[in-house]
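First up is the structure itself, then whatever we jot down about it.
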Ligand SMILES: Cc1cc2nc3c(=O)[nH]c(=O)nc-3n(C[C@H](O)[C@H](O)[C@H](O)COP(=O)(O)OP(=O)(O)OC[C@H]3O[C@@H](n4cnc5c(N)ncnc54)[C@H](O)[C@@H]3O)c2cc1C
C-alpha cells in the first residue's frame, strides 16, 4: 500500500491552498452576507481548471480523477463551503452524469465548454415531495417524435440561478419509474420554457445559488438524452456516489481548518496566567478533533482511490458521506466550545462553518438514506 500523493497532486494541493488562502478566505464573509459567489471568483476557479479537474483530457478536463478532485475540494473546504458547493454541483453531479453515461457525441458537444468553466452546470433531480424518494418525481418527458417535451418543476437546485446546462431527470415511463422509467437529459437553461426562481434564504451555504427550475413544454432533442432512455435512475445513483465524495472532501478541509484555528486559540488564550492549551480538558477536545480529521481523511482518500481504480464503491461512498458529515458537525461543535464566546459571534469563521456544515447531513442523500444504501449493500453483497 502506498499512501503518498503523486507530485502532480501535491502541486495541485499547493496551488489550491494558496488560492484559498489569498482569494477565497478574504471573500468568505462577504459571500455569506451577500448571498452570492462573485462572478470574478468563479472566473478564477475556471482559470485554475477547477471545473474540469477530474475529467479525461480528451474532453478538455484536467485528467486528475477523483483523487485530484478530492484534493481540490479539501483545500477549498478550508475557505468557504458556498464556493465548494458551487464547484461540486457543477463538477461532481452536473457534469459527472454526462461524463459517466453520455454517448460520445453528447460528450463532445458539451464537456469541453463545461470543463473550461465557460459554461456552468446544475443537476436537477429533487422535487417537492420527491427528495429522498426521487423515484416519485412528477417531472415528465413525453416522446414527441424528434424531441421530448419536458414539463414539471425541480426544487433545491444548486447553481440553478446561473447554470447554462441543467442535467435533468424526468419520467418517461410512469409504470416503470425508477425501474427503467426515468431518463436523464442535458437541458440548456436558455431554451424556451426553462425558468428558475430562488427558493429563498437558507441558514447556511448562503452564497450558493439554490433554485426552483421550471420546465414548460421544453423541447429537448433526442441527442440530448444521457445514455439510454429509461436508464436515468441508474445514472443518478452512479453520479451521486461521486457527489458524496464532495461532502466528505469539504468536511475534511473544514475540520482541518477548525483544528488549526482552535490550536492557535488555545495556545494564545490565557487562563490563570497560562495558555488555555495547558488545560487537559482542552487538550482532550483537540485530540477528539484531530482523531475525527484523521478518520475523515482516511475514508475519503481510500474511497476516491477506489473510484479511480474502477472498483465498486457505493457502500464506501455512503459510509464516507455519512460519517464525515456527522463528524464535521461534532468537530465544529467542539471547536465552538474551545473558542467560547468568540466563536459564536456572527461573522466568526466557526459561526459560518456551523451553519454551512449542517446541510451536509441533508443533501446528496440524507444520512438516513445513506444507512439504507449501506444496509442494502451489506445484505446483498455480504459483510465485505
Ligand atoms: C442547500 C441544498 C442544495 C441542494 N442541491 C441539490 C441539487 O443541486 N440537486 C438536487 O437534485 N437536489 C438538491 N438538494 C436536495 C437534496 O438532495 C434533498 O434535500 C435531499 O435529498 C432530501 O430530500 P428532502 O429535503 O425532500 O427531504 P425528505 O426526503 O422529505 O426527508 C425528510 C426526512 O425524512 C427522512 N427519510 C425520508 N425517507 C426515509 C426513509 N425511507 N427512511 C428513513 N428516513 C427517511 C430523511 O432522512 C429526512 O430526515 C439540495 C438541498 C439543499 C438543502
query = If a residue has to be under 23 Å from residue 303 (Cα atoms), in contact (Cβ under 8 Å) with a residue 24 or more places away in the chain and touching a helix residue (DSSP H, G or I) at 6+ places or on another chain (Cβ under 6 Å) to count, how many in the range 38-67 make the cut?
reply = 11
message = Six or more apart or on different chains, Cβ atoms under 9 Å: show the pairs whose first residue is in the range 347-375 and more than 25 Å from residue 135 (Cα to Cα) and in contact (Cβ under 8 Å) with a residue 24 or more places away in the chain and whose second is in a loop (DSSP other than H, G, I, E, B) and more than 11 Å from the ligand (Cβ to nearest atom).
response = 352/80; 352/346; 356/80
request  = Kindly list the number of the only condition in (1) outside any helix (DSSP H, G or I); (2) at negative phi that fails for residue 365.
outcome  = (2)
inquiry  = Can you tell me which residue is farthest from the chain's Cα centre (by Cα) among those in the range 181-216 that are without any contact (Cβ under 8 Å) to a residue 24 or more places away in the chain and assigned to a strand (DSSP E or B)?
reply    = 195
task = Inspect all residues belonging to the range 217-229 and state whether any of them is within 27 Å of residue 65 (Cβ to Cβ), within 16 Å of the ligand (Cβ to nearest atom) and outside any helix (DSSP H, G or I).
result = yes
note = Taking the range 306-362 and keeping residues more than 21 Å from the chain's Cα centre (by Cα) and buried (at least 23 other Cβ atoms within 10 Å of the Cβ) leaves 335, 338
message = For the list (1) in the same structural domain as residue 183 (by TED's automatic domain parsing); (2) without any contact (Cβ under 8 Å) to a residue 12 or more places away in the chain, I need the number of the one condition that residue 104 fails.
response = (1)
query = Quick check: anything in the range 357-370 away from the ligand (no atom under 13 Å from the Cβ) and either outside the structural domain of residue 251 (by TED's automatic domain parsing) or touching a helix residue (DSSP H, G or I) at 6+ places or on another chain (Cβ under 9 Å) (or both)?
reply = no
request  = State whether one or more residues within the range 244-267 are in a helix (DSSP H, G or I), in contact with a strand residue (DSSP E or B) (Cβ under 7 Å, 6 or more places away or on another chain), free of Cβ contacts under 8 Å to residues at least 24 places away in the same chain and over 21 Å from residue 367 (Cα atoms).
outcome  = yes
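The values are calculated or read from the model by the stated rules, or taken from the named source; none is laboratory data. Treat the numbers as computed from the prediction; the structure is a model and nothing was measured. Glycine gets a Cβ as well: all are built from the backbone with ideal geometry, and neighbour counts include every protein chain shown.
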